[in-house]
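This report refers to the structure that appears directly beneath it.
Please treat every number below as a calculation from the coordinates, not as lab data. In this text the structure is predicted, and so the values were computed from the model without any measurement. With ideal geometry, Cβ positions are generated from the backbone for all residues, glycine too; neighbour counts draw on all protein chains shown.
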Amino acid sequence: MVTERGERVKPAEINARFVAYRDALGLPAVLVVHSLRHSYVTHLTEDGVDRRFIQTQVGHESDSSTAVYTHVSDDFMNTALRRALAPVLGAEHDGRSRRTEER
């Protein structure tokens, strides 16, 4: 990343600015710039973006590295599991009733 003067932005400057904003907003100190990377991967995953695309976006060589960055919600996990099991268990297990499907 470069500034409007064409100079390279130093990581320490980014971190200092982030900390200043975080503290001004009263957010927890555990929140760091790197947290944004985890959030980005998680949101793309929950939005159904292709895993290979996400892996490329964050520059990982293996999907297992990308998986470490993914912190999806319990709701997302439950919905994904329901969808995966629905073909095997039938519609009554995917959150819908058979009566709904017949309409």
Open item on the list: So for each of 65-72, 46-53 I average, over its residues, the number of other beta carbons within 10 Å; can you give me the resulting order with the highest mean first?
Closed with: 65-72, 46-53
TODO: With N denoting the number of residues in the chain, provide Rg(C-alpha) divided by 2.2 N^0.38 Å, to two decimal places.
DONE: 1.57
Open item on the list: Let me check I've understood the local charge: for GLN55, count other residues with C-beta under 10 angstrom from its C-beta, Lys and Arg +1, Asp and Glu -1. What total comes out?
Closed with: -1
TODO: Pairs of Cα atoms under 8 Å, at least six residues apart: use those to get the relative contact order of the chain, whole percent.
DONE: 15
Open item on the list: Could you derive backbone 3J(HN,Hα) for the range 57-67 from the dihedral phi with the Karplus parameters 6.51, -1.76 and 1.60 (θ = phi - 60°), listing whole Hz in sequence and x where the residue is Gly or Pro?
Closed with: 4, 9, x, 8, 7, 10, 5, 5, 5, 5, 4
Open item on the list: As I understand it, the value is the acute angle between the Cα axis of helix 33-46 and the longest principal axis of the Cα atoms of the chain; what does it come to in degrees, rounded to 10?
Closed with: 20
Open item on the list: Helix-only mean residue ellipticity at 222 nm, the chain, DSSP H runs n ≥ 4 weighted -39,500 (n - 2.57), per residue, nearest 500. What is it?
Closed with: -18000 deg cm²/dmol
TODO: Under 14 Å from the Cβ of TYR69, count the other residues' Cβ atoms, weight Lys and Arg +1, Asp and Glu -1, and hand me the total.
DONE: -1
Task: Rounded FRET efficiency, nearest 0.05, which uses the C-beta distance separating ASP47 from VAL2 and R0 of 35 Å - done: 0.75
Open item on the list: Only four residue types carry charge here, +1 at the Cβ of Lys and Arg and -1 at the Cβ of Asp and Glu. Report the dipole size of the chain about the Cα centre in Debye, rounded to the nearest 20.
Closed with: 80
Open item on the list: Taking amide H atoms as placed 1.01 Å from N in the peptide plane, list the residues 5 or more away in sequence, or in a different chain, whose amide H sits under 5 Å from that of THR70.
Closed with: none
